[in-house]
Amino acid sequence: MDEERSRYHIQTYGCQMNEHDSEVLAGILEDEGFVAADDISEAEVVLVNTCCVRESAEQRILGELGRLKRLKYENPDVIMGVCGCMVMNDRSLKEIRRRASHVDFVLGTNQLHRLPEFLRRARCDRAFVLERDREYDVLPTDLPRRRASGVRAWVPIIYGCSNFCSYCIVPHVRGPENSRLPEEIEEDVRSLAGDGVREITLLGQNVNSYGMDLERDVSFADLLERVDAVPGIRWVRYTTSHPRDYDFDLVDRIARLESVCEHFHLPVQSGSNRILEEMNRGYTREQYLDLIEYIRRIHPESAITTDVIVGFPGETEDDFADTYSLFEKVQYDNAFAFLYSPRSGTRAADLSGQVPREVKGERLDLLNQLQRKISHRRNQELAGREMTVLVDGPSQRDPSVMSGRTRTNKLVLLPGAGQWENQFVRVRIHRAEPYQLVGQLCDHED
Ligand code: SAH
Ligand code: SF4
Ligand code: F3S
């Protein structure tokens, strides 16, 4: 029966919001009778869900779109669609049209529900379907989803971003903040729990501003309390937080919520007050460090991670030294460091004092070397400890090893093929590497 059904393939780039959107796109296609292709070459519909946060991401995606031309050449019946943030960015869209004329249609991030219509139109008239909605209208909430995992799920709580950090394209492509209603989110979480989901991740570009755009008095902490009370959900994660809006009260309230995990991802972006101001981040180095200190005091077992940008326009050796010393001070568990990438249309792209590429590269290397040592040391502190791990499945690198995550979001590898998938297990850590832990199953149940 399945043999006769049309197959689809979705390629996803970018952040968790895009991963979530791809699950919605897959759900819509399956409702339309499609099944997932085992290999892209078997697919009759190929979707590329794009990201434009950095130039490097865009170039990779445009390269991939170029490679997909061959697929179309071999089978002209394949329908190709491009969705995601590049579609919402005029410059990127122009590039797609210029370099990928084999693309049949584009679909905006606020139009996911129109996928069946666009597919039909692409099939019928073969002309490039371009009808990107200008309005950032609210997506219907009852869209189907095909979740990649049985036990974990993404739950969007706030769409868009109104922060306008001066380097960032996201508010320009995803529109202003738009919170979902708390009842709706709770309902979603209840239904996921009913389907066997045990871990949820609440999603937003700045989850800490949840509720501020609603006419009701509801905060992110209120929402966490609501979600924590849903039976069946054992672990609650959230991403991304904005340090400016992360207050001490939230740290205290989280301590009282059993399901909310002790992982604090707090993108610092820079350790220099001058640069933070230029970035429009709304906090100082000192305020940030106070928050970290408070988190460590209230949650001593927590993991703290960050994002950082090196080579923001005008960043001097002294500014970079401030970032470096902040890293030494905080001792992050992990950090994602990015080379500043000018994004046309953002304020920072027009600033003078763009930092030369080699200088940015050297700074990135220095910071990554430092962080590697710190991550390793932080992980070594966990050797010999027993921890609960939610097992995802076989490790991508080695299928004879299973991989999972702790509450603190540490990657843990367990020797043993095909076992404990989607289960919480107790693990004793016996080896610590910079970016992963290796453990053995304890002989008692979790
Ligand atoms: N809303 C989230 C994620 C935004 S994108 C947040 O505020 O943290 C993820 C990361 O990409 C950011 O944290 C930032 O470190 C990085 N980033 C965003 N724009 C960038 C740019 N123009 N160049 C380099 N890195 C960038
Ligand atoms: Fe971009 Fe800043 Fe919004 Fe994050 S908070 S998405 S970095 S503008
Ligand atoms: Fe990229 Fe869009 Fe996410 S630009 S980081 S996919 S919101």
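Values quoted throughout were computed directly from the atomic coordinates according to the rules given, and no laboratory measurement underlies them. Bear in mind the structure is a predicted one, so any value in this text is a computation, not a measurement. Here Cβ is always computed from backbone atoms with ideal geometry, including for glycine, and neighbour counts include all displayed protein chains.
Assorted remarks:
- Restricting attention to the chain, close to 35% of DSSP beta bridges with both partner residues there are antiparallel.
- Most positive-pole-ward Cα, Gly66, Val103, Gly81, against dipole of region 66-109 from beta carbon charges: Gly66
- Cα centroid of region 53-87 to Cα centroid of region 242-306, whole Å: 37 Å
- Less than 5 angstrom separates the built amide H of Val268 from those of Asp307, all sequence-distant by 5 or more or on a different chain.
- Dipole in debye (nearest 20) - region 140-380, about Cα centre, beta carbon charges: Lys, Arg +1; Asp, Glu -1: 860 debye
- Taken about its Cα centre, the chain carries a charge dipole of about 1160 debye when Lys and Arg each add +1 at the Cβ and Asp and Glu each add -1 at the Cβ.
- Among Asp228, Asp125, Asp307, residue whose mean-square fluctuation peaks in a GNM of the chain (springs only between Cα atoms under 10 Å): Asp125
- From the Kirkwood radius over Cα pairs of region 313-446, Stokes-Einstein at 20 °C and 1.002 mPa s returns a whole-number translational diffusion coefficient of 124 µm²/s.
- Within a straight-line Cα-Cα reach of under 13 Å, Lys69 can be paired with the following aspartates and glutamates, leaving aside sequence neighbours fewer than 8 residues apart in one chain: Asp77, Asp104.
- Max mean-square fluctuation residue, GNM over the chain, Cα-Cα springs under 10 Å, options Gly271, Gly345, Gly311: Gly345
- At q = 0.10, 0.11 Å⁻¹, base-10 log of I(q)/I(0) for the chain (Debye sum, equal scatterers on each alpha carbon): -0.80, -0.98
- Pairs of Cα atoms nearer than 8 Å and 6+ residues apart set the relative contact order; for region 72-213 it is 22 percent.
- On full extension, the segment bounded by Ala255 and Arg296 gains 13.6 nm, given 0.36 nm per residue less the C-alpha separation.
- Over the chain, relative contact order from alpha-carbon pairs under 8 Å, at least 6 apart, %: 10 percent
- Computed extension length for Ser162-Glu183: 5.3 nm, one decimal, from 0.36 nm per residue of separation with the Cα-Cα distance subtracted.
- The phi torsions of region 410-421, fed into the Karplus equation with coefficients 6.51, -1.76 and 1.60 and a -60° offset, translate into couplings of 7, 7, 10, 9, 10, x, x, 6, x, 10, 6, 4 Hz, rounded to whole numbers, with Gly and Pro shown as x.
- Using a Förster distance of 51 Å, the FRET efficiency for Asp195-Asp350 (Cβ separation, nearest 0.05): 0.60
- Between Asp39, Asp21, Asp245, the Gaussian network model of the chain with springs among Cα atoms under 10 angstrom shows the greatest mean-square fluctuation at Asp39.
- Among the trypsin sites (Lys or Arg not before Pro) in region 1-89, those placed in a DSSP loop whose Cβ has at most 13 other Cβ atoms within 10 Å are Arg5.
- Using Cβ point charges alone (K and R +1, D and E -1), the dipole size of region 386-444 about the Cα centre works out to roughly 180 debye.
- Each stretch of four or more DSSP H residues adds -39500 (n - 2.57); spread over every residue of the chain, this sum gives -10500 deg cm²/dmol at 222 nm.
- From the alpha carbon centroid of region 357-371 to that of region 376-446 is 30 Å.
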